[in-house]
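The values are calculated or read from the model by the stated rules, or taken from the named source; none is laboratory data. Every value quoted in this text rests on a predicted model; they were computed, and no experiment measured them. As a convention, Cβ positions derive from the backbone with ideal geometry for all residues, glycine included, and neighbour counts pool all protein chains shown.
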Amino acid sequence: MAQVILKDVDKVYEGRAKVVDRFNLSIRDGEFIVLVGPSGCGKSTTLRMIAGLEDISGGTIQIGERVVNDIPPKDRDIAMVFQNYALYPHMTVFENMAFALKLRKVSRAQIDERVQRAAAILGIQSLLERKPRALSGGQRQRVALGRAIVRNPQCFLFDEPLSNLDAKLRVSMRAEIKQLHLRLGSTTVYVTHDQEEAMTLGDRVVVMRDGVIQQSGSALEIYHLPANRFVAGFLGSPQMNFLRGKLREEAGGLIFDEGSGRLPVPPWARALLAGARGGDKGEEVVLGIRPECLSDSGAARLPSPSDATRGRLNMKVKLVQTLGDRLNVYLSTPDHDEIVAQVPAGSTGPARFRVGDVVSIAFDMNAAHFFAPGETGATLASNRDRWSAAPVVAGAAS
């Protein structure tokens with residue numbers, strides 16, 4: 001295995017803006033990196049540049065000790081697993097897995113040993129004489145994985161490999177891919193638009209937007225300490241709630257004025273927000289809070305109203321979704337049309353919420369985030385002490 005280093009990598013297609021812009025990332029030997037972001041953010045293009053399937057417009061790509069900018073894909077010592085499996089329909093499973101080794105003129109004995117070992121790891125020994133048309137989607141994906149394993153590459157590249165599978169199979173295949181990585185200790189770059197895949201698979205997650213790294217870190221680090229509003233909204237389902245409002249001084253403290261109600265700003269956030277205050281007029285900021293950090297007045301976890309780190313807003317119930325042991329309650333205020341609270345179902349389930357009712361919703365302000373306005377507004381304040389995470393740097397390449 002080997003480290004992979006991308007330094008100031010650009011990709012520009014003729015007549016178009018940059019698809020990848022000054023991409024810097026250092027992937028450690030044996031690390032599992034996930035590139036995640038919305039469609040068109042440049043993640044697959046980045047992967048294809050590492051593979052050599054796309055030329056780079058600027059910068060350098062290093063795999064192991066070699067700069068591979070001008071090295072063809074077949075000589076980069078990588079193995080790629082595609083979304084569509086890319087199996088040869090006229091070949092058996094054994095022949096598909098052995099094909100690249102035959103091209104390299106590996107001996108028949110070695111080919112047989114490597115294929116059998118990979119098949120045993122993936123549990124597909126009984127499928128070796130079948131052809132792809134006789135396999136299920138999950139079995140085809142295992143064959144594609146096996147074809148990559150037998151090559152013993154320096155780096156594995158995955159381009160949305162689970163997109164064509166049903167939801168249940170995607171979950172089980174995620175677990176298999178992670179277990180495979182732990183067993184092989186392989187350097188892996190994995191591309192997906194699915195945030196659950198990103199959070200469950202990656203040693204490190206790299207969030208991209210418009211060809212630029214927005215944040216790099218562990219899944220929990222990014223979830224709890226997002227570098228900006230885009231990252232905060234991209235990871236999490238339902239996504240983080242965002243409320244526009246103003247900071248105001250009140251009775252010696254600081255409050256967030258949502259428009260129809262006010263929420264206390266906890267002590268840890270006051271110093272961090274000092275630069276965002278605008279005196280009596282107030283300065284607009286965006287409050288972010290995850291659905292699981294909201295609770296209704298009937299919840300056992302609701303604190304006393306005197307708690308300075310808690311606040312309440314009256315909200316109208318728009319919709320209730322039942323998810324077994326929890327509920328997603330869609331709410332609105334006069335100034336914000338869609339806020340989601342994820343609360344325990346309890347013994348009464350959705351019966352305690354009726355569409356059209358106005359309910360009092362408690363905010364755990366110790367879990368709140370404050371952002372500058374705009375889609376990629378920088379994080380002004382997050383409670384690092386609560387999450388005990390390492391420092392987060394937007395666009396970090398380490």
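Details
- Residue check for residue 131: modelled with pLDDT of 90 or more and of a type in the set (Lys, Arg): yes
- Some residue of the range 194-209 being within 27 Å of residue 283 (Cβ to Cβ) and in contact with a Cys (Cβ under 8 Å, 6 or more places away or on another chain): yes
- Tally of residues being surrounded by fewer than 14 Cβ atoms within 10 Å (Cβ to Cβ) and either in contact with a Phe, Trp or Tyr (Cβ under 9 Å, 6 or more places away or on another chain) or closer than 23 Å to residue 257 by Cα (or both) across the range 336-354: 2
- Scope the range 220-236; condition among the hydrophobic types (A, V, I, L, M, F, W, C), closer than 22 Å to residue 340 by Cβ and buried (at least 20 other Cβ atoms within 10 Å of the Cβ); matching residues: 222, 225, 230, 231, 232, 234, 235
- Index of the failed condition, residue 26 passing every other in (1) within 22 Å of residue 217 (Cα to Cα); (2) touching a Pro at 6+ places or on another chain (Cβ under 9 Å): (2)
Let's see how each residue does on (1) in the same structural domain as residue 139 (by TED's automatic domain parsing); (2) charged (D, E, K, R); (3) surrounded by fewer than 21 Cβ atoms within 10 Å (Cβ to Cβ):
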| position | (1), (2), (3) |
| --- | --- |
| 22 | yes, yes, yes |
| 29 | yes, yes, yes |
| 57 | yes, no, yes |
| 69 | yes, no, yes |
| 80 | yes, no, no |
| 85 | yes, no, yes |
| 101 | yes, no, yes |
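- Filter pass, residue 263 being in contact with a helix residue (DSSP H, G or I) (Cβ under 8 Å, 6 or more places away or on another chain) and either free of Cβ contacts under 8 Å to residues at least 12 places away in the same chain or not assigned by TED's automatic domain parsing to the domain that holds residue 368 (or both): no
- When 35, 47, 53 are checked against the criterion of being crowded, with 22+ Cβ neighbours inside 10 Å and under 26 Å from the mean Cα position of the chain (by Cα), a single residue qualifies: 35.
- In the range 194-258, counting only helices (runs of 4 or more DSSP H) that sit wholly within it, the ones holding 1 or more residues that are outside the structural domain of residue 268 (by TED's automatic domain parsing) and touching a Leu at 6+ places or on another chain (Cβ under 9 Å) span 195-201, 219-224.
- Which listed residue, of 322, 379, is in a strand (DSSP E or B), without any contact (Cβ under 8 Å) to a residue 60 or more places away in the chain and hydroxyl-bearing (Ser, Thr, Tyr): 322
- Hits in the range 300-315 (condition: surrounded by 15 or more Cβ atoms within 10 Å (Cβ to Cβ) and either aliphatic (A, V, I, L, M) or at pLDDT 90 or above (or both)): 302, 312, 313, 315
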